[in-house]
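These notes are about the structure you will find just below.
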Amino acid sequence: MEHAPAFARLIAELEKLPGIGPKTAQRLAYHLLFRPQEEVRALAEAMVRARASVRYCSVCFNLTDRDPCAVCRDPGRDARLICVVEQPRDVVAMERTREYRGRYHVLHGVISPVDGVGPEQLRVRELLARLQADPPVEEVILATNPTVEGEATALYLARLIKPLGIRVTRIARGVPEGGDLEYVDELTLTRALQGRQAL
């Protein structure tokens, strides 16, 4: 059965979203079709408004609707500490911990030669400029993901930053809470052993 052209277009547009396949797109389209008009309009307006007003912070390159972003404007944040992450969603994850009180720098990706992404496509140059500004940065925490590309990016950044006399650290990784050792890979177990702490 063919869908009405407007409905088929809605399905096609939803399929373009990450992680949305044809069946999920169709389910979402049916859901939207039978929601009250004001709910659908509110969703559409929220998407258009977000796309028009959200941009990158000129300091850390996180997403914001006010430049600089709230973290960079916050005088209670420790400007001597910068946590480098891959994507804006990683800032959200770090903030959920309520443990980190420094500032951030978002790379917007990782070094991946297979995908044609080198350091020049990332916000590396801007990071190096921040490290030489006032107030002086004392520590850079590399919080890239524990993937091959994330590790390569962290090593690359460490080699650039260490000669500046700035302390470079890497977030610890290990066995997840509630995990069974039987199912944990060797690299994760190795890192967990290396990062062990006294009780």
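Annotations
- Among the residues of the range 12-20, not a single one is open to solvent by 100 Å² or more (accessible area, probe 1.4 Å), outside any loop (DSSP other than H, G, I, E, B) and out of contact with any helix residue (DSSP H, G or I) (no Cβ under 7 Å at 6 or more places or on another chain).
- Among residues of the range 56-68, those that are open to solvent by 60 Å² or more (accessible area, probe 1.4 Å) and under 21 Å from Ile82 (Cα atoms), counted: 5
- Of all residues making up the range 111-157, the number that are in a loop (DSSP other than H, G, I, E, B), open to solvent by 20 Å² or more (accessible area, probe 1.4 Å), more than 14 Å from Val168 (Cβ to Cβ) and touching a residue at least 24 places away in the same chain (Cβ under 8 Å): 8
- Checking each residue in the range 62-110 for being of a type in the set (Val, Ile, Thr) and either modelled with pLDDT under 95 or under 22 Å from Ala46 (Cβ atoms) (or both) picks out Thr64, Val91, Val92, Thr97.
- Neighbours by Cβ (under 8 Å, 6+ apart or cross-chain): first from the range 76-90, assigned to a loop (DSSP other than H, G, I, E, B); second of a type in the set (D, E, K, R): Gly76/Arg101; Arg77/Arg101; Arg77/Arg103
- Identity of the residue in the range 1-11, of a type outside the set (Phe, Trp, Tyr) and more than 29 Å from the chain's Cα centre (by Cα), that ends up least open to solvent (accessible area, probe 1.4 Å): Ala8
- The range 93-110, residues that are open to solvent by less than 20 Å² (accessible area, probe 1.4 Å) and in contact with an Asp or Glu (Cβ under 7 Å, 6 or more places away or on another chain): Gly102, Leu107, Gly109
- Residue check for Asp90: charged (D, E, K, R), out of contact with any helix residue (DSSP H, G or I) (no Cβ under 6 Å at 6 or more places or on another chain) and crowded, with 19+ Cβ neighbours inside 10 Å: yes
- The range 26-55 - residue that is aliphatic (A, V, I, L, M), over 24 Å from Pro5 (Cβ atoms) and surrounded by 11 or more Cβ atoms within 10 Å (Cβ to Cβ) and, of those, nearest to the chain's Cα centre (by Cα): Val54
The values are calculated or read from the model by the stated rules, or taken from the named source; none is laboratory data. Treat the numbers as computed from the prediction; the structure is a model and nothing was measured. Every residue, glycine among them, receives a Cβ derived from its backbone with ideal geometry; neighbour counts consider all protein chains shown. Areas reflect the complete protein model, heavy atoms only, side chains present, ligands, DNA and RNA absent. Shrake-Rupley method; radii C 1.70, N 1.55, O 1.52, S 1.80 Å.
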